[in-house]
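Asks: Below: one structure in structure tokens.
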Amino acid sequence: MRWTIQQLLTSRQDTIPFEKDVNVSELVERDQELRDISPVHIKGFVQITSQYATFQFTATGTFVLPCARTLVDTTSPFEIDIIERFRIDGLPVTDDEDETLHEPENGYVDLLPYIKENILLVIPIRVINEDEDLKKDGLTSGNGWELSEKQSQENDDDQNAIDPRLKDLAKYFQNDQ
């Protein structure tokens with residue numbers, strides 16, 4: 001995902017389409033929650049003017065993250081719409097300009113660092129595995145315990161019972177009526 005400034009300036013088209021699969025597996029080392037990531041499919045185009053190269057593309061792929069309940073590997077698809085602009089006229093980018101405007105490095109426009117940055121920003125904080133087998137086996141029973149969804153009558157009575165220390169206070173409110 002790399003172009004030279006000369007390649008961009010010499011193209012006669014206003015838009016140049018591109019499509020490629022990129023390997024971003026080193027993101028697993030950067031984020032501890034991320035267990036795996038599929039190759040990311042990049043599809044989009046670049047619009048070239050005399051000053052700027054504007055890249056508009058979509059990145060799609062799949063994360064493998066731990067389930068928040070069971071820690072089982074859970075796949076989570078993602079699709080990100082990304083717009084990045086590069087100044088290709090040789091002038092430096094000032095602080096007043098848009099934060100999506102970048103300078104080429106050593107005469108090259110490289111999208112890969114910006115793709116990785118955007119992917120890291122959309123990693124979900126919490127994923128839940130919706131597999132029915134896990135719900136049956138993993139969440140309703142375990143070694144020496146079983147989940148009961150019925151609320152017992154004893155718990156209701158305990159919640160409605162008056163604290164003996166406040167029993168006299170209850171009489172005060174009954175007399176007031």
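Asks: Assuming E79 fulfils every condition listed in (1) surrounded by 13 or more Cβ atoms within 10 Å (Cβ to Cβ); (2) at pLDDT 90 or above apart from one, which condition is it?
Replies: Condition (1) is where E79 drops out.
Asks: State all residues of the stretch 1-32 that are at pLDDT below 85 and in contact with a helix residue (DSSP H, G or I) (Cβ under 9 Å, 6 or more places away or on another chain); if no residue qualifies, say none.
Replies: M1
Asks: What are the residues in the stretch 57-73 that are at pLDDT 95 or above and out of contact with any helix residue (DSSP H, G or I) (no Cβ under 7 Å at 6 or more places or on another chain), if any?
Replies: F57, T58, T60, G61, T62
Asks: Could you please let me know if T60 is more than 21 Å from V122 (Cα to Cα) and polar (S, T, N, Q)?
Replies: Answer is no for this residue.
Asks: Kindly indicate the residue of the stretch 46-76 that is in contact with a strand residue (DSSP E or B) (Cβ under 8 Å, 6 or more places away or on another chain) and in contact (Cβ under 8 Å) with a residue 60 or more places away in the chain and also surrounded by the fewest Cβ atoms within 10 Å (Cβ to Cβ) among those meeting that condition.
Replies: Applying the first criterion (in contact with a strand residue (DSSP E or B) (Cβ under 8 Å, 6 or more places away or on another chain)) to the stretch 46-76 yields 46-48, 51-68, 72-76.
Next, only the ones that are in contact (Cβ under 8 Å) with a residue 60 or more places away in the chain stay: 59, 63, 65-68, 72.
Values: A59: 23, F63: 23, L65: 23, P66: 16, C67: 17, A68: 13, V72: 11.
Among residues in the stretch 46-76 that are in contact with a strand residue (DSSP E or B) (Cβ under 8 Å, 6 or more places away or on another chain) and in contact (Cβ under 8 Å) with a residue 60 or more places away in the chain, the one surrounded by the fewest Cβ atoms within 10 Å (Cβ to Cβ) is V72.
Asks: Need a quick list: strands (runs of 3 or more DSSP E) entirely within the stretch 1-77 having at least 1 residues that are of a type in the set (A, V, I, L, M, F, W, C), more than 24 Å from P92 (Cα to Cα) and over 14 Å from the mean Cα position of the chain (by Cα).
Replies: Output list reads 15-22, 40-48, 52-66.
Asks: While we're looking at this one, here's another question. Do the conditions hold for I80, that is, is it within 19 Å of the chain's Cα centre (by Cα), closer than 16 Å to L120 by Cβ and touching a residue at least 60 places away in the same chain (Cβ under 8 Å)?
Replies: Judged against the criteria, I80 is not a match.
Asks: While we're looking at this one, here's another question. Considering every residue within the stretch 99-108, establish whether at least one is in contact with a Pro (Cβ under 7 Å, 6 or more places away or on another chain), assigned to a loop (DSSP other than H, G, I, E, B) and either of a type in the set (D, E, K, R) or crowded, with 16+ Cβ neighbours inside 10 Å (or both).
Replies: Residues of the stretch 99-108 that are in contact with a Pro (Cβ under 7 Å, 6 or more places away or on another chain), as a first pass: 103.
When the remaining residues are screened for being assigned to a loop (DSSP other than H, G, I, E, B), the result is 103.
Narrowing further to those that are either of a type in the set (D, E, K, R) or crowded, with 16+ Cβ neighbours inside 10 Å (or both): 103.
Scanning the stretch 99-108, I find at least one residue that is in contact with a Pro (Cβ under 7 Å, 6 or more places away or on another chain), assigned to a loop (DSSP other than H, G, I, E, B) and either of a type in the set (D, E, K, R) or crowded, with 16+ Cβ neighbours inside 10 Å (or both), so the answer is yes.
The values are calculated or read from the model by the stated rules, or taken from the named source; none is laboratory data. Remember, it's a predicted structure, so these values are computed and weren't measured experimentally. Quick reminder, even Gly has a Cβ in these numbers, built from the backbone with ideal geometry, and neighbours come from all protein chains shown.
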